[in-house]
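Working notes for the structure below.
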Amino acid sequence: MQKLTFPKNFVWGVAASAYQIEGAWNEDGKGQSIWDTFSHTPGKIANGETGDVSIDHYHRYKDDVARMAELGIPTYRFSVAWPRILPEGSGKVNAKGLAFYDRLVDTLLKHKIEPYLCLFHWDLPQVLQDKGGWPERATAYHFAEYAHIVTARLSDRVGVIMTHNEPWVAAFVGHFLGDHAPGSKDLGAAIKAQHHILLSHGLAAEAIRAEARQPVKIGITLNLNPVHPATDSKKDREAAQRVDAIMNRIVLDPLLKGTSPIEEFALAKLLTGKVIQPGDLEKIRMLDLLGVNYYSRAVMKHSSKIPVVNVEQVHPAGNEYSGMWEIYPEGLHELLMRIWKDYFTPSPFDRLRAAPPASSRSTPLGLPKGKGEGGMPEIMITENGVPVPDGLDFDGRIRDERRIRYLQNHIAQVHRAIQDGVPVKGYFHWSLMDNFEWALGYGQRFGLVYVDYKTLKRTVKDSGRWFAKVIAENGMIVE
Ligand code: IFM
């Protein structure tokens with residue numbers, strides 16, 4: 001038996017997003033989002049489910065926050081629904097929408113829970129989609145306007161603002177794979193959307209800096225996966241590299257290096273024309289906090305199954321799987337080491353080249369100075385969790401042992417990465433409560449708190465109590 005202790009001030013938290021938990025889809029002046037439209041379209045969501053009511057957090061937020069406090073959870077990452085604030089996407093502000101987040105933040109602070117606010121977790125105002133959505137450059141400027149409004153209202157009490165959650169999913173699952181809103185299947189649109197979302201991050205960062213009432217940390221949260229070739233053949237290795245470029249590097253390179261792999265793909269250029277305009281990449285590189293969402297790895301082989309990129313995902317036999325993915329804890333360590341090596345560790349040559357004049361705003365990596373250590377962005381795990389079947393046992397308790405095992409194994413990998421030199425500053429569990437899992441509806445449960453979808457009654461699972469103990473002890477015992 002061994003105790004794994006985390007560094008002092010390590011940030012423990014839980015995460016959630018507006019559309020997945022709030023419900024109240026058309027209340028208090030909220031505009032329609034692309035997820036309202038998508039979920040109301042027959043055939044898009046499992047069992048025809050929607051987020052119309054979801055778990056009704058909009059009306060039950062006080063109890064939900066109180067439960068978090070009871071568990072001793074010190075930090076909560078939530079998202080703001082853009083169409084609640086700006087029902088038309090831009091222009092007229094909906095006071096009732098802002099008032100909801102005002103109340104939420106005050107309630108969190110009353111319970112001494114630090115709010116981490118995320119501006120965009122996929123619920124784009126439908127009116128902006130009608131004008132072209134993320135493939136349209138103008139959307140990035142509307143996002144900056146929205147960031148400005150939220151910052152002006154909440155930054156006196158919120159010290160961390162994340163611009164986007166998983167921009168790759170919004171761009172590629174929404175515009176190329178078509179499984180998420182808005183549901184298009186167009187690679188060119190996905191690449192344009194990807195670039196404009198990242199551009200909007202940079203524009204919003206400027207707006208946040210300009211408007212913030214206190215020094216605010218600006219972050220972004222990325223879904224990242226180690227990509228492994230299915231075999232050692234040249235074709236499979238190249239397939240894995242292509243997927244790494246189009247899933248990981250497409251977001252990491254612009255944010256941390258000021259380059260983009262889009263420029264490496266002749267086809268992408270052909271499809272998107274001059275999507276990256278002069279000056280865009282400099283704007284994007286504004287970051288104090290890099291959020292890493294980790295769930296699994298991707299094992300890829302060369303195939304025509306997914307056209308254009310010519311790859312297919314394979315699921316190695318003999319491993320453990322959840323309701324959605326392979327369970328692969330080592331991948332979290334591998335991913336953190338890779339991010340650190342490729343994006344945070346300058347070579348001696350880089351150091352010489354980038355040696356900044358004393359007055360410069362740049363860091364040794366050429367990154368704009370943030371609040372992170374030594375001017376580098378901080379790294380945190382902003383999501384990690386598992387969908388496994390669970391439910392009430394005869395005595396009303398939820399013994400979700402698989403989730404506890406999953407968390408223990410993944411948190412141990414974070415600890416291992418810290419020991420190996422990656423200064424990971426925090427870990428957020430996805431999610432606080434069971435909720436609407438996008439195209440899969442309510443079929444996959446990720447919560448530390450079980451929700452009865454008929455009565456909306458909440459019950460803390462064994463994993464919730466286990467995680468509370470990890471937080472209280474700033475660590476855990478492992479075999
Ligand atoms: O539920 C999602 C969340 O919205 C974004 N990250 C992955 C989670 C699990 O699929």
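When we screen W35, W25 for residues that are open to solvent by 50 Å² or more (accessible area, probe 1.4 Å) and over 25 Å from L289 (Cβ atoms), the only hit is W25. If you check A138, A152 for being without any contact (Cβ under 8 Å) to a residue 24 or more places away in the chain and either over 20 Å from D288 (Cβ atoms) or open to solvent by 10 Å² or more (accessible area, probe 1.4 Å) (or both), only one passes: A138.
Here no helices (runs of 4 or more DSSP H) wholly within the range 218-330 include at least 2 residues being among the hydroxyl-bearing types (S, T, Y) and either away from the ligand (no atom under 16 Å from the Cβ) or buried (at least 22 other Cβ atoms within 10 Å of the Cβ) (or both).
Screening H59 with (1) in contact (Cβ under 8 Å) with a residue 40 or more places away in the chain; (2) at negative phi gives one miss only, at (1). Pairing residues of the range 410-435 that are assigned to a helix (DSSP H, G or I) with residues that are within 15 Å of the ligand (Cβ to nearest atom) and open to solvent by 10 Å² or more (accessible area, probe 1.4 Å), at Cβ distances under 8 Å and at least 6 apart in sequence or on separate chains, gives no pairs at all.
Considering (1) acidic (D, E); (2) surrounded by fewer than 22 Cβ atoms within 10 Å (Cβ to Cβ); (3) in contact with a strand residue (DSSP E or B) (Cβ under 7 Å, 6 or more places away or on another chain), the lone condition that D434 does not fulfil carries the number (2).
What is the one condition in (1) more than 16 Å from the ligand (Cβ to nearest atom); (2) surrounded by 19 or more Cβ atoms within 10 Å (Cβ to Cβ); (3) charged (D, E, K, R) that D395 does not satisfy? The one condition D395 does not meet is (2). The set of residues in the range 16-65 that are among the basic types (K, R) and closer than 16 Å to G89 by Cβ contains only K30. Each residue in the range 124-135 was checked for being touching a residue at least 60 places away in the same chain (Cβ under 8 Å) and more than 16 Å from the ligand (Cβ to nearest atom), and 7 of them qualify. For the criterion of being within 16 Å of the ligand (Cβ to nearest atom) and surrounded by fewer than 24 Cβ atoms within 10 Å (Cβ to Cβ), D179 passes. When the range 90-123 is filtered for residues that are within 16 Å of the ligand (Cβ to nearest atom) and assigned to a loop (DSSP other than H, G, I, E, B), the ones remaining, listed by number, are H121, W122, D123. Taking the range 2-39 as the range and being among the hydroxyl-bearing types (S, T, Y) and not in a loop (DSSP other than H, G, I, E, B) as the test, the residues that pass are T5, Y19, S33, T37, S39.
Candidates in the range 40-55 are the residues that are under 15 Å from D179 (Cα atoms) and assigned to a loop (DSSP other than H, G, I, E, B); of these, the one that is least open to solvent (accessible area, probe 1.4 Å) is I45.
Residue-level check: of (1) part of a helix (DSSP H, G or I); (2) within 16 Å of the ligand (Cβ to nearest atom), R465 misses just (2).
Between A210, A147, A193, A171, the distinction of being outside any loop (DSSP other than H, G, I, E, B) and open to solvent by 10 Å² or more (accessible area, probe 1.4 Å) belongs to A210 only.
Among the candidates E166, E145, E136, the residue that is charged (D, E, K, R) and at positive phi is uniquely E166.
The values are calculated or read from the model by the stated rules, or taken from the named source; none is laboratory data. Bear in mind that the values here come from a model prediction, so they are computed numbers and not experimental data. Backbone-built Cβ (ideal geometry, glycine too); neighbour counts: all protein chains shown. For accessibility, only protein heavy atoms count, side chains too; no ligands or nucleic acids. Shrake-Rupley method; radii C 1.70, N 1.55, O 1.52, S 1.80 Å.
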